[in-house]
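What follows draws every value from the coordinates through simple rules; no lab data is involved. Small disclaimer: the values here were computed from a predicted structure and weren't measured. Virtual Cβ from ideal backbone geometry, glycine too; neighbours counted across all protein chains shown.
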Amino acid sequence: MKCFRCGYIKDLDEKMANTQLRELEKDLKDVPVFEDLDTMPIDKSVICEKCENVGAYWHLRQTRSADEATTRFYRCTKCKNTWREYS
């Protein structure tokens, strides 16, 4: 399975149930597209879990209901790994 937005690839085995597949697709759909990185702010206090680079582009997005906290999305400035942090 490959995300059409960020290019993330997940190998699926035959044992993965359809419900798990739908949840994975839902998670990948929420990953934002970092199109114009030149204008994005950089947080120099975060460390990429993939390459251990210090610094990542970030932005906030309301992914759940309005009465819940926003989600902060990060993209590593070096390897372009993308992850999220729930407030």
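Side notes on the structure shown:
- P(r) for the range 35-86, from all Cα pairs and a bin width of 10 Å, is 26, 50, 22, 2 %, short bins first.
- Residues ARG84, ARG61, ranked from the fewest to the most other C-beta atoms within 10 Å, line up as ARG61, ARG84.
- Residue order for TYR86, TYR74, TYR8, fewest other beta carbons within 10 angstrom first, comes to TYR86, TYR8, TYR74.
- Length added when fully stretched, GLU85-ILE9, from 0.36 nm per residue minus Cα-Cα: 25.3 nm
- Distance in nm between pseudo-label sites at ASP67 and VAL54 (7 Å out along the Cβ direction from Cα): 4.2 nm
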